[in-house]
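The values are calculated or read from the model by the stated rules, or taken from the named source; none is laboratory data. Predicted model only: the values in this text are computed from it and were never measured. Here the Cβ positions follow ideal geometry from the backbone for every residue, glycine too, while neighbour counts run over all protein chains shown.
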Amino acid sequence: MKNNFFTIIFAAVLAILAVNNSHAADIKLLNVSYDPTRELYKEYNPVFAKYWKAKTGDDVTINQSHAGSGKQARSVLEGLEADVVTLALGYDVDQLYQKRKLIPENWQTLLPNNSSPYTSTIVFLVRKGNPLAIKDWNDIVKPGVSIVTPNPKTSGGARWNYLAAWAYALKTNNNDEAAAKEFIGKLFKNAAVLDTGARGSTTTFIEREIGDVLIAWENEAYLALREFGADKFEIITPSLSILAEPPVAVVEDIARKHGTVEVATEYLKYLYSKEGQEIIGKNFYRPTDPEIAAKYAKQFQPLQLVKIDAFGGWDAAQKKHFSDDGVFDQIYGPGK
Amino acid sequence: MNAVTQPINPAKLVARQQLALQDPDWVRWTLIAIAIGFISLFICLPLGLVIFQAFSKGVAAYWSALSQDDTIAAINLTLLTALVTVPLNTVFGVTAAWAITRFDFKGKSLLTTLIDLPFSVSPVISGFIFVLLFGAEGWFGEWLIVHDIKIIFAVPGIILATLFITFPFVARQLIPLMQEMGNQEEEAALSLGASGWQTFWAVTIPNIKWALLYGVLLCNARAMGEFGAVSVVSGHIRGLTNTLPLHVEVNYNDYDVVGAFASASILAGLAIVTLILKTALEWKQGNR
């Protein structure tokens, strides 16, 4: 009887393995991405698969993994076999070169527009009627305002949030760094919850109803409005924010091993096509193709955008603000 | 009245003894009400809410959420994980309990402590242990890459993490029982000429079978429900490395409330089946 039991288990294991392997014949790509791109790639992947099928006759299935951008970069470094990464910021992608040489040093020059097929910025989401009358960054650092933002240590969006606030503080304080540091300190003193990724923050704000203001990706804020209704939330666009450029890259070392370099490259290039750019615009990212960008421009509020170059690029910004004992550690932590 | 003590009415004596053993009605009923209230509030209400949310958009929406490819893949992976880890941990658990209760050896108390380790360590830490060991930058990372073996962010990693987390359940159920039983019955069997193997099947197993089954049930429940450790080693690839608990989180973060609660209802269903089986086992054990 005992023997029968083990035979049944063994057979069941084999059956499940067989089911899992039954559609292994087609090409598989793994796209390791950050949090708010869930809906974008859900719409883009089948469109690309259809395009690739028409072009080559091959079937391609794209698997997705989503989490905070910094965490995803770590996972790829620790062995998550991504054929492509589509992360929130250049620094996280660059780690794949710096730490394990999984991508070439010049990865950011391999695709147009610094390898960013779409851009976005940082805005505020507040509850309907804007009860605290929040208009700009200086309104959210006031005492008693409860802020929801992800953790800059793990989330790319959170680092864009932080730098946008920093840029505003510098501008309004005649480039006084000490004043900017104080401003950022006040902002994080108001932070109620630091989730690991942008989507976690959005659900904290929307479904758990914590906080007065969510600092969010523009695309994430508009998507939340579409999903949960404009009768519950309002988007507040500050006077100044940052031009966020989320880059994409083929993880050549892994793609070569999988034999997927060609399809992975085309997967990313097709994001720049008219069809790809339309999907990008529809999902509230800012298209980089001028024609499609003009078509979707009216869905966003105008604002002044600061580029990451103003911080001396991502390496300098990361080192100064987010490394261990950087500015963020100095202003946020136990007892601060 | 004279000096002779009046005989006490035996019925009254019984009543007085009962009174001494029993609290007044209001105490009893308050305690029962608190217990029932607590259980309804913290167990029945959330469970009911899961079912309510899962069906909030109708049976059709519930069914279509469960029949999505990713959900089916998550169910398959969860079942596979349990099918591999539960039998292995049953064997390990019996072996460990046998070794600890039947033999005397150096480091026995250390072994007993080590068995409890997965209970005392946070599941997230348990997951990180495997990343540190088998991750690309971990101790065996280079070797694994050279030999093209995937452990972390693949099914083997998930099974390993679950194996680690669920290790103590069977052993923990058996050790106290086998200690209490002592080994006289087994010694008797051996002295009557039974082989070690015969003794195990004919004497030990019948004595421990209910505790063993109970341990297996608990082990299975945890194997299917583990989140923390599996989350660390999973990589969260949809349709490939998401177990049911991880799939619930993915759905919830996709704003797919029905999908999240539909998957959660399956986990809740598994928990309820486990509880019913557990109660049945206890009842059977009590009536033996």
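Looking only at residues of segment A:25-45 that are more than 13 Å from chain B (Cβ to nearest Cβ) and not acidic (Asp, Glu), we find that the one that is farthest from the chain's Cα centre (by Cα) is A:ALA25.
Per the listing B:ALA229, B:ALA271, the residue uniquely crowded, with 19+ Cβ neighbours inside 10 Å and either touching a residue at least 40 places away in the same chain (Cβ under 8 Å) or closer than 18 Å to B:VAL86 by Cα (or both) is B:ALA229. List pairs: first in segment B:210-224 and of a type in the set (S, T, N, Q), second surrounded by 21 or more Cβ atoms within 10 Å (Cβ to Cβ), Cβ under 8 Å, 6+ apart or cross-chain? Final answer for the pair search is B:ASN220/B:ALA82; B:ASN220/B:VAL86.
For segment B:91-98, indicate whether the set of residues that are hydroxyl-bearing (Ser, Thr, Tyr), closer than 13 Å to B:ILE165 by Cβ and out of contact with any strand residue (DSSP E or B) (no Cβ under 8 Å at 6 or more places or on another chain) is non-empty. Among the residues of segment B:91-98, not one is hydroxyl-bearing (Ser, Thr, Tyr), closer than 13 Å to B:ILE165 by Cβ and out of contact with any strand residue (DSSP E or B) (no Cβ under 8 Å at 6 or more places or on another chain), which makes the answer no.
Flag: A:ARG159 matches the condition of being among the basic types (Lys, Arg) and crowded, with 23+ Cβ neighbours inside 10 Å. Only a single item in (1) assigned by TED's automatic domain parsing to the domain that holds A:ASN106; (2) part of a helix (DSSP H, G or I); (3) among the hydrophobic types (A, V, I, L, M, F, W, C); (4) under 22 Å from the mean Cα position of the chain (by Cα) is not met by A:ALA249, and it is number (2).
Looking at segment B:66-88, can you tell me whether even one residue there is over 27 Å from B:SER231 (Cβ atoms), aliphatic (A, V, I, L, M) and more than 14 Å from chain A (Cβ to nearest Cβ)? The answer is no; no qualifying residue exists. Of all residues in segment A:57-71, those being at pLDDT 95 or above and either small (Gly, Ala, Ser) or out of contact with any Lys or Arg (no Cβ under 7 Å at 6 or more places or on another chain) (or both) number 3. Within segment B:237-253, the presence of a residue that is out of contact with any helix residue (DSSP H, G or I) (no Cβ under 9 Å at 6 or more places or on another chain), basic (Lys, Arg) and within 14 Å of chain A (Cβ to nearest Cβ) is excluded.
Right, B:ILE100: outside the structural domain of B:ILE266 (by TED's automatic domain parsing) and farther than 23 Å from B:ARG238 by Cα or not? Taking the combined requirement at face value, the residue does not satisfy it. Here A:GLN98 fits the description: within 13 Å of chain B (Cβ to nearest Cβ) and more than 19 Å from the chain's Cα centre (by Cα). For the structure I just gave you, tell me whether B:LEU88 is at pLDDT below 95, in the same structural domain as B:GLY225 (by TED's automatic domain parsing), within 22 Å of B:LEU177 (Cβ to Cβ) and out of contact with any Cys (no Cβ under 8 Å at 6 or more places or on another chain). It is false that B:LEU88 is at pLDDT below 95, in the same structural domain as B:GLY225 (by TED's automatic domain parsing), within 22 Å of B:LEU177 (Cβ to Cβ) and out of contact with any Cys (no Cβ under 8 Å at 6 or more places or on another chain).
Which of the residues spanning segment B:125-167 are part of a helix (DSSP H, G or I) and of a type in the set (Gly, Ala, Ser)? Residues satisfying the conditions are B:SER126, B:GLY127, B:GLY141, B:GLY157, B:ALA161. Give the residue that is surrounded by the fewest Cβ atoms within 10 Å (Cβ to Cβ), with candidates limited to residues of segment B:66-119 that are in a helix (DSSP H, G or I) and small (Gly, Ala, Ser). Here the answer is B:SER109.
Scanning segment A:73-95 for residues that are within 14 Å of chain B (Cβ to nearest Cβ) and within 16 Å of A:TYR41 (Cα to Cα) yields a total of 4.
Per-residue answers, yes or no, for (1) modelled with pLDDT under 95; (2) among the polar types (S, T, N, Q); (3) over 21 Å from A:PHE228 (Cβ atoms):
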position	(1), (2), (3)
A:SER120	no, yes, no
A:VAL123	no, no, no
A:ASP139	no, no, yes
A:ILE147	no, no, no
A:PRO152	yes, no, yes
A:GLY156	yes, no, yes
A:TYR168	no, no, yes
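Look at segment B:113-131: where a residue is in the same structural domain as B:GLY141 (by TED's automatic domain parsing) and a partner is charged (D, E, K, R) and surrounded by 13 or more Cβ atoms within 10 Å (Cβ to Cβ), sitting 6+ places away or on another chain with Cβ atoms under 9 Å, you get B:ILE115/B:ARG172; B:ASP116/B:ARG172; B:PHE119/B:ARG172; B:PRO123/B:GLU226; B:VAL131/A:GLU78; B:VAL131/B:GLU137. Anything in segment A:171-220 that is among the aliphatic types (A, V, I, L, M), away from every other protein chain (no Cβ under 14 Å), touching a strand residue (DSSP E or B) at 6+ places or on another chain (Cβ under 9 Å) and in a helix (DSSP H, G or I)? List them, or say none. Listed by number, the list holds a single entry, A:LEU187. Could you list, in sequence order, all residues of segment A:67-108 that are free of Cβ contacts under 8 Å to residues at least 60 places away in the same chain and hydrophobic (A, V, I, L, M, F, W, C)? Within segment A:67-108, A:ALA73, A:LEU77, A:LEU80 qualify. Looking at A:GLY79, A:GLY129, A:GLY90, which one is farther than 23 Å from A:PHE183 by Cβ and not assigned by TED's automatic domain parsing to the domain that holds A:LYS269? On inspection, the qualifying residue turns out to be A:GLY129.
In this entry, B:ILE151 passes the filter for residues that are within 14 Å of chain A (Cβ to nearest Cβ), farther than 24 Å from B:VAL216 by Cβ, of a type in the set (A, V, I, L, M, F, W, C) and crowded, with 20+ Cβ neighbours inside 10 Å. Within segment A:272-296, being more than 21 Å from the chain's Cα centre (by Cα) and hydrophobic (A, V, I, L, M, F, W, C) holds for A:ILE292, A:ALA294. Taking segment B:129-147 as the range and being of a type in the set (Phe, Trp, Tyr) and either touching a strand residue (DSSP E or B) at 6+ places or on another chain (Cβ under 6 Å) or within 10 Å of chain A (Cβ to nearest Cβ) (or both) as the test, only B:PHE134 passes.
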